[in-house]
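Participant: Sharing a structure below in structure tokens format, with a few things to ask.
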Amino acid sequence: MLQSELFTKTRKEAPKDEEAINAQLLARGGFARKMSAGVYTYLPLGFRVLQKIAQVVREEMNAIGGEELLFPALIAREHWEKSKRWGLRVGYEFKSPAGDEVGLGWTHEEASAFAAAQFIESYKDLPRAVYQIQNKFRAEARAKSGLLRGREFLMKDLYSFHADKADLDLYYQKVIAAYKKVFVRLNVPVRLTEAGGGAFTDEYTHEFQALSPAGEDTVYYCPKCDWSQNEEVAKVKDGERCPASTAGEPASSANEPASSVCGGTVAIARGIEVGNVFKLGTRYSEAFGVQFTDQTGSKKPAVMGSYGIGVSRLLATLVELHHDERGIIWPKEASPFAVHLLVLGAEDTAVEARGRKVYDSLTKRGVEVLYDDRAVSAGEKFGDADLLGISLRAVVSAKTGDKIELKRRDSKEVKLVTLEEAMEML
């Protein structure tokens, strides 16, 4: 991709109505722009990052047997009423010009249960898991924190169906393990945090919290072990002894202390919720008739689970976690391009020819390259490269001769390599 042909341009100043670091840097770099409160356009660079994040999520969901589909965003009132979630003031509900009452999907337990009821008939049809990556719509009273809390956002939601709670419990842990892989790949350190069920379930649930001053949630955690609870269910205070067992396992519920403690001291921090997992039980399967015949011939409702990851929230979280005074620092798997190629002194035909050769060679090998071919100063090119934060920068100039200068965005180390060496590294 030639940078001169990008739809967007960088800007020195952030929009005056953006206070969050993620929104400021994403706007300055031309990744996203606010259209109205809580509603953003993901511009070409930002959309590329969304696609990279979504692909990581997709690969890990496929690895645990998830099948991708796409549910409708418009859901009729009758479906919300079956689950008793019409009128909760969470979603957008309205009448169409024809008089139909509908709600925009803020979650899709209803849609998944409606679909499953058409196909699950026998215990042989279980377990099953389906997921989608789709925009969600929530009527946030006060959209804030840039892209961390919006009224329209991109989310991955997975729904599973099981013959009994024991099988759900096994899959629940499998999803947790898959989520941890997602966050490791994207370089987002998280804490698995016990939480309440909200409008989804009466059971305790788990959130994946990325600790950050930009977060809106309050997280109580132990720096010495894995124990972590959100403010809603926590029964301890900052500075108290950790209630986890000596093995580092949390107590079985927020109200049940462990018999022994790990010896750590509870700390408190802000957190960004980037994922969550819920054991739904039979609430939605009973409402929508998701029944199966077991091995004895008896009819039973399927046991369900629901699991979410905020794809667009992850994009904003990455910016909050990985930036410096110069701009964004994208982790490799989320970087919009693999390489940002800067050619300095392109008015020198020999230098320009070497730069073009590097670009063509990498592109032919399937490497995604953003080629800064603009007729601007070297300082502006370096400044924009830091702002855009592509994980690897390559420089061709008269100074580098027949070699290429390579530098990772998150490192000060610079390497001079041949084109062949660069190809091997990439």
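Participant: If I ask for residues that are touching a residue at least 60 places away in the same chain (Cβ under 8 Å), surrounded by fewer than 23 Cβ atoms within 10 Å (Cβ to Cβ) and either in contact with a strand residue (DSSP E or B) (Cβ under 7 Å, 6 or more places away or on another chain) or β-branched (Val, Ile, Thr) (or both), which ones from the stretch 289-304 would you list?
Facilitator: Passing the criteria: 291, 292, 293, 294, 300.
Participant: Only one residue in 33, 85, 28 is charged (D, E, K, R), touching a Ser or Thr at 6+ places or on another chain (Cβ under 9 Å), closer than 30 Å to residue 358 by Cβ and not assigned by TED's automatic domain parsing to the domain that holds residue 356, so which one is that?
Facilitator: Checking each option against the conditions leaves just 28.
Participant: If you don't mind, there's one more thing I want to ask. Quick test for you: out of 103, 91, pick the one residue that is within 18 Å of residue 136 (Cβ to Cβ) and free of Cβ contacts under 8 Å to residues at least 40 places away in the same chain.
Facilitator: On inspection, the qualifying residue turns out to be 103.
Participant: Among the residues of the stretch 86-100, is there at least one that is among the hydroxyl-bearing types (Ser, Thr, Tyr) and touching an Asp or Glu at 6+ places or on another chain (Cβ under 9 Å)?
Facilitator: No, the conditions are met nowhere in the stretch 86-100.
Participant: Given the structure, is residue 307 surrounded by 15 or more Cβ atoms within 10 Å (Cβ to Cβ), of a type in the set (Phe, Trp, Tyr) and over 27 Å from residue 276 (Cβ atoms)?
Facilitator: No: the conditions fail for residue 307.
Participant: Separate question: Could you tell me which residue of the stretch 1-19 is farthest from residue 214 (Cα to Cα), considering only residues that are touching a Leu at 6+ places or on another chain (Cβ under 7 Å) and of a type in the set (A, V, I, L, M, F, W, C)?
Facilitator: Among those residues, the one meeting the criterion is 1.
Participant: Which of the residues that make up the stretch 133-172 are within 13 Å of the chain's Cα centre (by Cα) and surrounded by 17 or more Cβ atoms within 10 Å (Cβ to Cβ)?
Facilitator: 133, 134, 147, 148, 149, 153, 154, 155, 156, 157
Participant: Something else: Going through the stretch 119-131 one residue at a time, which ones are surrounded by 15 or more Cβ atoms within 10 Å (Cβ to Cβ) and either in a strand (DSSP E or B) or out of contact with any Lys or Arg (no Cβ under 8 Å at 6 or more places or on another chain) (or both)?
Facilitator: 123, 125, 126, 127, 128, 129, 130, 131
Participant: Separate question: Looking at 320, 333, 347, which is the one that is without any contact (Cβ under 8 Å) to a residue 40 or more places away in the chain and among the charged types (D, E, K, R)?
Facilitator: 347
Participant: Filter the stretch 88-147 for residues that are within 25 Å of residue 274 (Cβ to Cβ) and of a type in the set (Val, Ile, Thr) and give the result.
Facilitator: 90, 107, 130, 133
Participant: What is the number of the single condition among (1) out of contact with any His (no Cβ under 9 Å at 6 or more places or on another chain); (2) farther than 21 Å from residue 302 by Cβ; (3) not small (Gly, Ala, Ser) that residue 136 does not meet?
Facilitator: (1)
Participant: Kindly indicate whether any position in the stretch 111-123 is among the charged types (D, E, K, R) and within 14 Å of residue 307 (Cβ to Cβ).
Facilitator: Within the stretch 111-123 (the criterion being among the charged types (D, E, K, R) and within 14 Å of residue 307 (Cβ to Cβ)), the answer is no, since none of the residues qualifies.
The values are calculated or read from the model by the stated rules, or taken from the named source; none is laboratory data. All values derive from a computational prediction rather than experimental measurement. Here Cβ is always computed from backbone atoms with ideal geometry, including for glycine, and neighbour counts include all displayed protein chains.
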